[in-house]
1. Suppose we keep only residues that are under 17 Å from A:I552 (Cα atoms) and of a type in the set (G, A, S) within the stretch A:373-392. Which one would you say is modelled with the highest pLDDT?
2. Restricting the first residue to the stretch B:51-68 and requiring it to be free of Cβ contacts under 8 Å to residues at least 40 places away in the same chain and on the phi < 0 side of the Ramachandran plot, which pairs with a second residue that is surrounded by 15 or more Cβ atoms within 10 Å (Cβ to Cβ) and charged (D, E, K, R) meet a Cβ separation below 8 Å and a spacing of at least six or different chains?
3. Pick from the stretch A:208-236 the residues that are modelled with pLDDT of 95 or more and of a type in the set (G, A, S): which of them is farthest from A:L129 (Cα to Cα)?
4. Run A:A27 past the list (1) surrounded by fewer than 21 Cβ atoms within 10 Å (Cβ to Cβ); (2) out of contact with any Gly (no Cβ under 9 Å at 6 or more places or on another chain) and report the number of the one that doesn't hold.
5. When the stretch B:296-328 is examined, which residues are found to be within 20 Å of B:D100 (Cβ to Cβ) and either of a type in the set (D, E) or assigned to a loop (DSSP other than H, G, I, E, B) (or both)?
6. What are the residues in the stretch A:516-534 that are among the polar types (S, T, N, Q) and not in a loop (DSSP other than H, G, I, E, B), if any?
7. Which one of B:A317, B:A339, B:A381 is more than 23 Å from B:V266 (Cα to Cα) and without any contact (Cβ under 8 Å) to a residue 24 or more places away in the chain?
8. Exactly one of (1) part of a helix (DSSP H, G or I); (2) touching a residue at least 24 places away in the same chain (Cβ under 8 Å) is unmet by B:S113. Its number?
Amino acid sequence: MITSPRTHMLAALSAIIAGAVGTAVIASFLGPAAERIVTVFLISLIGVVGIGIYSGNSGILSFGHVAFMAIGAYVSALLTLPTQLKIATLPHLPEWLATTEMGLLPATVIAMAVTGLVALLVGAAIGRLEGSAATISTLGLLIIVHGVIIGWRDVTRGAQSFFGVPRETGIWTAVAGVIVALVLARLYRDSISGLRLRAGRENAIAASAVGINIPRERLISFVLAGMTMALAGALLAHFLGAFSPKKFYFNDTFLLLAMLIVGGMSTITGAVTGAVIITLVTEVLRRLESGLSIGGIELPAVFGTTQIGIGLIILLAMFRKPEGLAGLKEWEERLFPPAAAGNAAPAMPKAHASTPLVAKGMTMRFGGLVAVSNVSLALQPGEILGLIGPNGSGKTTLLNMLSGVLQPSEGTVTQGSVDLTGIPSHKVADHGIARTFQNIRLFPDLTVHQNVLVAALSTRGGAEAEERAQAALAELGVAALAGENAGNLSYGDQRRVEIARALACQPTLLFLDEPAAGMNREETDALMETLRGLTRNLGIGILMVDHDLALINQLCDRLAVLNEGKLIAQGTPAEVRQDPAVIEAYLGPGKLSSKKNTKPQGQPGRKPELAG
Amino acid sequence: MKALLLSSTLAAAIAAAPALSETLRVGVATAQTGALAYADVPVSGGMRLAADEINAKGGIGGDVKIELVEKDVRSDAAQTSIATQELADDGVSVIVLPCDSDPALAAIGVISSAQIPAISTCASSPTLPMIGGDYMFSNFPGDNVQATVSAKWAWDEGHRNAYIIYSPDTQYTTMPLYFAEVFEKLGGTIAGQATNTIGQQDFSAIATKVAALDPQPDVIMTSAYEPDFPSLLKALRAAGVTGQIIGSDGIDSPTTFSLGDVAEGVVFTTAGHATPGSPLEVFNSAYEAANGAPPETIFSAVGYDLIKVLEAAVLAADGSVEPSALRDAIAGLENVQGATSLITYKGTDGMPVRQVSLIRVADGERELVGQPSPDASLIPAPRMQ
């Protein structure tokens with residue numbers, strides 16, 4: 001369930017509990033004013049980590065989660081408001097609601113459940129949007145919920161203040177709430193769903209290719225975040241005793257987002273850092289707002305100082321540390337770097353015997369441009385098929401169609417009796433097809449281990465994921481790098497990690513898009529040995545695109561040659577090298593006469609080695 | 001030895017000082033920014049003038065100085081609750097709340113548990129002290145009283161057919177519902193009603209609806225205020241509606257008098273009018289002397305009234321600034337002379353009995369229509385709208 005080392009979790013959770021309790025103890029020594037500031041701070045912190053559960057893990061900035069805070073506040077307040085007052089101030093409430101009066105705890109739990117349900121519906125609707133469209137849709141959510149609260153006068157008193165709510169949130173209630181929220185957020189971050197979502201945040205296409213259903217993971221985090229916001233809203237409502245829809249609108253969204261952005265979106269450490277800094281600064285500025293005298297100099301009262309101050313802090317933070325003050329790692333991840341994996345890595349399991357992958361009549365049109373035209377080919381288990389052709393001949397497009405990244409305009413892909421045509425990328429992985437990308441698509445801010453593990457967790461039902469991940473790391477010789485951030489590796493290492501990640505999916509077929517690009521000769525040779533081992537020992541079939549013809553010639557059993565989107569030749573490397581169409585495609589029509597000696601970078605002397 | 005003697009005498013003098021002259025610390029949690037600033041900012045000006053005048057004479061009764069502890073609540077309910085709590089923690093004797101009953105209601109929980117009396121600067125909803133309990137007071141003629149005065153005037157002018165435009169967004173903007181009640185009680189007809197939201201800006205739909213009425217209403221009553229009122233007024237006149245427009249104290253601002261022809265003849269109720277020799281005229285001159293310009297609205301004088309009420313309460317409590325003693329003293333005040341009116345709390349639930357002035361916009365200037373005393377039997381009972 002939890003994918004990070006146990007020491008991290010123990011350290012994080014005990015720090016959360018100790019920190020929350022310690023803060024409250026100190027505050028209660030300082031008197032009621034300090035207690036109240038700390039209570040507000042703790043409630044804000046719940047809100048910040050609430051937004052962070054979604055925005056931090058998915059990478060989609062949400063302006064809308066304060067709406068869930070509003071729903072939590074109104075629902076819980078409607079449940080705790082004394083019946084007498086409800087009848088006096090909300091005469092049109094349905095009777096069952098008017099006569100319901102309960103304590104803060106059950107009301108909060110119900111409010112979280114109701115909000116979770118709303119979040120589920122909203123999340124299902126907007127979860128498929130990407131990038132700025134997703135962010136703008138959350139803004140719409142905020143505005144719509146605000147409008148509904150104002151319009152639904154019979155239940156919410158509209159734009160008027162909702163008052164008389166029992167003021168039951170004390171500092172210890174807030175401590176309990178913040179522990180629940182922080183523990184939930186911390187556990188989620190390193191849960192399987194959280195890790196998958198973070199992988200999706202880092203690179204959506206690669207995440208899909210290793211079997212991650214990003215919209216589903218997004219929805220999970222959206223609902224969890226909504227429920228956490230509802231907790232914050234319920235506690236805030238019962239702290240203030242009175243509020244209006246304005247309390248849950250742009251001002252507070254701005255404040256909470258400021259905390260999240262200044263501290264760093266993607267970690268709990270960041271959320272806490274941001275909340276502490278912004279709270280300290282606002283408390284200081286709010287006191288300056290009504291004017292003060294320093295050494296006899298009277299400063300005038302300037303109302304609005306607080307907002308200006310927060311704006312400046314955001315600017316400063318963005319200039320100095322765009323990822324937030326806490327960066328991308330939790331404090332415990334920095335303090336206790338994970339140990340490199342032991343040497344006793346389990347062996348890679350053999351690929352299940354599988355039927356060939358057959359593509360027929362594959363065609364891809366981008367508007368008027370035909371990138372791939374009527375290409376048919378078959379990939380046998382245990383063979384290495386090289387796909388070559390000049391730049392722009394359609395190799396990567398063909399690979400993308402075969403792996404579900406692109407939907408073919410025409411044509412079918414089948415594996416035995418299973419039709420794989422047009423199924424989404426994340427499901428292709430479960431049919432034993434894994435791939436790498438021409439321009440490396442790792443999850444740069446995750447560790448090498450996490451990169452590989454998340455692939456193992458998301459394929460084959462996640463069975464024995466840790467073992468598969470370790471085996472794949474060992475197979476490619478990158479086990480020693482397991483604790484490094486993938487984005488910090490050398491180019492060649494990144495290529496190897498990408499192959500290891502694909503292997504962790506336990507594929508029967510592996511698509512490699514220029515696996516040797518950027519490697520030196522020794523690295524390429526080592527890679528060749530590894531790939532041969534995969535086919536020979538594990539029975540994995542490989543479809544490889546590369547421009548390194550030496551590699552292609554030595555490694556591939558068969559070659560397929562594309563030119564201008566059409567398949568112009570297919571056969572053993574020797575056959576293909578003699579093919580006039582291939583020579584023409586590579587060198588132009590004028591060279592046809594001297595074909596015997598023209599093999600682009602060809603190395604005829606090595607022909608006998610083509611056995612592998 | 002001598003030094004020790006001197007310093008201990010000094011220490012004793014310092015320790016004894018607060019006992020000799022007490023300070024009335026007034027917590028002011030009002031809207032210096034936001035939608036209610038149009039009223040609360042001038043109120044603060046009037047409060048400061050009154051406090052300065054009293055302090056210049058040595059304080060209330062010559063020895064209790066007034067200290068204003070001000071916080072901006074940004075016209076927001078939640079912020080009012082927080083600021084009020086801070087003031088209560090700070091140990092103030094009395095708390096001044098924003099001009100609208102909504103944010104003022106947000107402070108109920110705090111003031112009742114801290115048992116500190118609170119006065120809203122100019123909230124006129126009679127439900128505020130009703131719901132707010134023993135510690136909540138207002139400082140303005142109630143909505144129901146204002147509506148009674150304007151409805152009676154309309155009736156006496158011979159108007160028989162009225163139309164009301166109100167917003168359910170706040171208690172204050174539902175004043176036309178009280179107007180309708182009184183007008184019907186007098187025998188008039190309500191031709192119809194329309195609702196708007198605060199900050200709506202476009203009133204053409206409502207204006208078209210009113211213009212289509214046959215017969216045209218004699219009177220259109222609304223308690224919309226800036227920025228809604230000017231747009232509403234322009235839309236009605238542009239649509240060809242010529243009936244008498246009646247407003248309320250919310251439009252007692254320079255904007256209304258600067259609208260030109262469109263506002264000509266508009267009648268509204270407010271807290272006072274500076275007739276020659278009146279206390280309000282005296283206040284206006286004092287204000288001009290202190291600030292270099294006369295007050296822009298009646299709300300400055302209302303702020304002055306508020307401090308005069310507190311002064312009277314401290315005197316009635318024999319110089320005590322203890323919150324519960326002050327509460328009891330305020331509740332028993334009778335005929336306190338403020339800048340706008342005589343003010344009585346005795347016998348009310350916290351909504352003071354004050355004079356209501358009817359003002360007409362004539363040639364862009366204020367013209368006093370009358371300062372009638374409303375008939376108690378006509379005044380509707382306060383209720384949440």
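The values are calculated or read from the model by the stated rules, or taken from the named source; none is laboratory data. Everything quoted here is computed from the prediction, not taken from an experiment. Please note: Cβ atoms are built from the backbone with ideal geometry, for glycine as well, and neighbour counts cover all protein chains shown.
1. Applying the filter and picking the extreme gives A:G386.
2. B:N55/B:K65
3. So, considering only residues that are modelled with pLDDT of 95 or more and of a type in the set (G, A, S), the one farthest from A:L129 (Cα to Cα) is A:A234.
4. Here A:A27 clears every test but (1).
5. Once the filter is applied, which keeps residues that are within 20 Å of B:D100 (Cβ to Cβ) and either of a type in the set (D, E) or assigned to a loop (DSSP other than H, G, I, E, B) (or both), the stretch B:296-328 yields B:E296, B:T297, B:I298, B:D305.
6. Residues of the stretch A:516-534 that are among the polar types (S, T, N, Q), as a first pass: A:520, A:524, A:530.
A:T524, A:T530 - these are the residues of the stretch A:516-534 that are among the polar types (S, T, N, Q) and not in a loop (DSSP other than H, G, I, E, B).
7. B:A317 is the lone residue from the list that is more than 23 Å from B:V266 (Cα to Cα) and without any contact (Cβ under 8 Å) to a residue 24 or more places away in the chain.
8. So the condition that B:S113 fails would be (2).
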